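The values are calculated or read from the model by the stated rules, or taken from the named source; none is laboratory data. Quick caveat: nothing in here was measured; it's all calculated off a predicted structure. No Cβ is skipped: glycine too gets one built from the backbone with ideal geometry, and neighbour counts run over all protein chains shown.
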Amino acid sequence: MKHFLSIKELTQQQLLDLLALARKIKAKPQEYSQALKGKSVVMLFEKPSLRTRVSFDIGINKLGGHCLYLDQQNGALGKRESVQDFATNLSCWADAIVARTFSHGTIEQLAKYGSVPVINALSDLYHPCQALADFLSLAEQLDDLSKLKLVYIGDGNNVSQSLMYGAALLGARMTVICPAGHFPDGHEVTEAQRIAKQHGGEIVLTTDVNAVQSHDAIYTDTWISMGDNTALTDIRAKFAPYQVNGALMAQAGAKYFMHCLPAHRGVEVTDEVMDGEGSLILDQAENRMHAQNAVLVTLLG
Ligand code: CP
Ligand code: NVA
């Protein structure tokens with residue numbers, strides 16, 4: 001592994017190894033307290049963040065490394081100087097680049113022109129650090145992830161696309177339920193279904209909310225992702241049947257609820273579900289750090 005740009009670039013073994021390492025780091029953090037000693041990581045964010053920024057910063061600190069956050073005070077990436085020059089310059093000093101960008105192409109350019117590992121901290125196409133933390137959270141609840149039945153309901157976005165690749169590699173079953181016109185990207189779906197087939201899993205897409213039945217976990221995310229200018233008032237009625245509420249959880253028979261956060265309470269999910277017994281939202285948030293630290297140790301340790 002040279003970079004961590006998307007889950008789809010991993011083999012099944014690499015994904016399992018990352019999950020196993022994350023669990024080891026979480027269980028015995030003191031054994032990894034010097035893993036990044038002398039290493040510096042630059043974080044480059046074009047979009048806002050709470051969880052990703054804080055979990056990388058504190059996580060790198062816990063591994064004995066140093067991290068530096070760059071926002072867009074120097075102007076949008078590629079405006080003041082090219083992404084190529086940005087990448088080659090940062091590579092002179094930093095040992096890795098963590099980037100959150102509007103376009104996935106920008107992250108690919110950083111990886112292409114820089115000489116240090118690049119980690120995708122969210123792009124328009126993927127959120128691989130999130131998916132890794134999500135499968136870590138599920139692995140803590142379920143013995144065998146190949147038997148997992150996961151449903152993603154709502155907008156087919158970056159988070160759903162990374163989850164599809166993770167489920168596919170694990171040989172799990174994933175149902176993606178979206179309103180018509182809001183499915184994940186067709187190319188990503190075809191790729192994820194191809195990988196799922198190789199590993200004995202299945203990715204099913206439907207507009208039918210009744211397909212929630214018989215799953216272990218229900219996952220949702222915002223109906224409007226960062227960089228999408230859609231107004232909530234324009235889509236709210238169309239998305240309303242896809243809200244995760246008590247009735248939907250009961251219909252699904254699902255034990256667990258998941259959300260990458262930030263959530264819009266009362267929009268894609270109700271308070272009773274967010275704060276309910278089976279909610280894994282804080283496990284997911286905590287596990288961001290352990291999952292990312294496994295990525296950092298693998299790439300730099
Ligand atoms: N889940 C997640 O990536 O949260 P932030 O946008 O706050 O980093
Ligand atoms: N799909 C959301 C995830 C935020 C963590 C977005 O891209 O805005």
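Taking residue 115 as the residue in question, decide whether it is within 14 Å of ligand 2 (Cβ to nearest atom), out of contact with any Pro (no Cβ under 6 Å at 6 or more places or on another chain), more than 22 Å from residue 174 (Cα to Cα) and not basic (Lys, Arg). The answer is no for residue 115. Taken over the stretch 235-268, the residue count meeting the criterion of being touching a Gly at 6+ places or on another chain (Cβ under 9 Å) and aliphatic (A, V, I, L, M) is 3. Among residues of the stretch 112-135 being surrounded by 24 or more Cβ atoms within 10 Å (Cβ to Cβ) and part of a helix (DSSP H, G or I), the one that is farthest from ligand 1 (Cβ to nearest atom) is 135. Figure legend. Inter-residue proximity from the stretch 173-193: first residues under 19 Å from residue 210 (Cβ atoms), second residues of a type in the set (Val, Ile, Thr) and assigned to a loop (DSSP other than H, G, I, E, B), beta-carbon distance below 6 Å, spacing 6+ or different chains. Indicated pairs: 180/207.
Anything in the stretch 25-37 that is in a helix (DSSP H, G or I) and touching a residue at least 12 places away in the same chain (Cβ under 8 Å)? List them, or say none. Give the steps one after another, and end with the answer.
Start the filter on the stretch 25-37 by keeping residues that are in a helix (DSSP H, G or I), which leaves 25-27, 29-32.
Correct list: 25, 26, 29, 32.
Of all residues in the stretch 130-142, those that are under 15 Å from residue 14 (Cα atoms) have Cβ atoms under 6 Å from Cβ atoms of residues that are basic (Lys, Arg), 6 or more apart or on another chain, in 133/288.
Inclusion of residue 233 among residues that are assigned to a helix (DSSP H, G or I), within 30 Å of residue 46 (Cβ to Cβ) and either polar (S, T, N, Q) or within 16 Å of ligand 1 (Cβ to nearest atom) (or both) is warranted. Each residue in the stretch 146-194 was checked for being surrounded by 20 or more Cβ atoms within 10 Å (Cβ to Cβ) and either part of a helix (DSSP H, G or I) or out of contact with any Lys or Arg (no Cβ under 6 Å at 6 or more places or on another chain) (or both), and 32 pass.
Within the stretch 44-81, which residues are assigned to a strand (DSSP E or B), away from ligand 1 (no atom under 14 Å from the Cβ) and touching a residue at least 60 places away in the same chain (Cβ under 8 Å)? Outline the logic, then answer.
Residues of the stretch 44-81 that are assigned to a strand (DSSP E or B), as a first pass: 44-45, 66-70.
Okay, now just the ones that are also away from ligand 1 (no atom under 14 Å from the Cβ), so 66-68, 70.
Those that are assigned to a strand (DSSP E or B), away from ligand 1 (no atom under 14 Å from the Cβ) and touching a residue at least 60 places away in the same chain (Cβ under 8 Å): none in the stretch 44-81.
For beta carbons closer than 6 Å, sequence separation of 6+ or different chains, a first residue in the stretch 149-169 that is modelled with pLDDT under 95 and among the hydrophobic types (A, V, I, L, M, F, W, C) and a second that is within 11 Å of ligand 2 (Cβ to nearest atom) and part of a helix (DSSP H, G or I), there are no qualifying pairs. Residue pairs whose Cβ atoms lie under 6 Å apart, separated by 6 or more positions or on different chains, with the first residue in the stretch 220-235 and without any contact (Cβ under 8 Å) to a residue 24 or more places away in the chain and the second within 16 Å of ligand 1 (Cβ to nearest atom) and not hydroxyl-bearing (Ser, Thr, Tyr), are 230/224.
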